[in-house]
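Take a look at the structure below.
Since every read-out is calculated from the coordinates, none of them should be taken as a lab result. Quantities reported herein were computed from a predicted structural model and do not represent experimental measurements. Virtual Cβ from ideal backbone geometry, glycine too; neighbours counted across all protein chains shown.
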Amino acid sequence: MSPSKNAGRVVCFGDLCIDIVARTPGHQAVETDTTIEQLKIRVAGAAANCGIAAATAGANVEVVGMVGADPFGAMILERLKASGVGIRFVRQSDDQTGIVISQVRPDGERSFLSYRGANAQSYGELPGTLLTDADYLYLCGYSLQGEASAATALALKAQTPACLFDPTYLFAREFQTRHKEHVAGVHILTPNLEEAQLMTGRDSAEECAAALRDFGVAIVIVKLGGRGCYVDAGSFTQLVATEPVTGKVDTTGAGDCFCGTLLAKCLEGLDILKAAESANDAARRVVCS
């Protein structure tokens, strides 16, 4: 159910940033001074997370994106390189490297304060040989939040039919008024259930997936958290279950890891259901780590 691949790469375009992740004891979003139980500072952003996951799963990976000429930008480049991710298409901006401050509540749910910084700047002219027929392209909804990054994302999408698009909450909320045409021709669309519901106005994963395929998407995979994912490839549909997660969890980056692993396994030649099983397992490991 995937395009024919021979020694292809996963090419990820999207945000590169630093995550400052604060785990708090309460279930409500922080409104006043609150004690933090645990603090992590780590390389993140959809493109970085997806690229690292794909490389960990054995794929040849290139990341396309922007960082600032600052210590955080250097930290991102070092982490990507150490993970086996190609960085020759990462450019530096005069703006600061993007930063996301995340609050993680005991149930694993998160709230964010995001500064896109360099990610919102113009990437400039794309190299003519960036994508080949053997590659998969990864795009994320964050890239369509700003005019400059949206222009680059859509230019890349126009170069290949083998595109995985991962929506975001903001993209999903504005889908009916701004973004319907942007998913046409996408090979794999991977919303979570809330995003799929916002995009379609339907309730169940089955209804949402069928409605999204009507926009010109070949395969819709609705991510269902601890339940796994639901795959609608047109000729067949199936729930791909996963082991439940118990105890304290952090879902940060799990969706990006799902996408990166999925694409790596598609490049290996696995069918979409086997690839989804591997992606479920990888996302579960992120949540439990």
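Structure notes:
- Residue in the range 161-199 that is nearest to Ile272 (Cα to Cα), counting only those that are buried (at least 18 other Cβ atoms within 10 Å of the Cβ) and among the charged types (D, E, K, R): Asp166
- Residue that is nearest to Leu267 (Cα to Cα) [pool: residues in the range 129-187 that are under 17 Å from the mean Cα position of the chain (by Cα) and of a type in the set (Ser, Thr, Tyr)]: Tyr136
- Yes/no for Leu144 being closer than 24 Å to Ile52 by Cβ, in contact with a strand residue (DSSP E or B) (Cβ under 9 Å, 6 or more places away or on another chain) and surrounded by fewer than 24 Cβ atoms within 10 Å (Cβ to Cβ): no
- A residue that is outside any loop (DSSP other than H, G, I, E, B), of a type in the set (Lys, Arg) and free of Cβ contacts under 8 Å to residues at least 60 places away in the same chain cannot be found anywhere in the range 109-132.
- Restricting the search to helices (runs of 4 or more DSSP H) fully inside the range 160-232 and requiring at least 1 residues that are closer than 21 Å to Ala46 by Cα and in contact with a Phe, Trp or Tyr (Cβ under 6 Å, 6 or more places away or on another chain) gives 193-200.
- Flag for Gln92 being in contact (Cβ under 8 Å) with a residue 12 or more places away in the chain, under 30 Å from Thr35 (Cβ atoms) and over 16 Å from the mean Cα position of the chain (by Cα): no
- Against the test of being of a type outside the set (Val, Ile, Thr), surrounded by 14 or more Cβ atoms within 10 Å (Cβ to Cβ) and either more than 26 Å from Thr190 (Cβ to Cβ) or in contact with a helix residue (DSSP H, G or I) (Cβ under 8 Å, 6 or more places away or on another chain) (or both), the options Phe13, Phe89 yield a single qualifying residue, Phe13.
- Subset of the range 42-86 that is out of contact with any helix residue (DSSP H, G or I) (no Cβ under 9 Å at 6 or more places or on another chain) and either without any contact (Cβ under 8 Å) to a residue 24 or more places away in the chain or part of a strand (DSSP E or B) (or both) - its residue that is nearest to Ala22 (Cα to Cα): Pro71
- In the range 118-141, the qualifying residues are those that are farther than 17 Å from Cys50 by Cα and among the small types (Gly, Ala, Ser), and the one that is surrounded by the most Cβ atoms within 10 Å (Cβ to Cβ) is Ala118.
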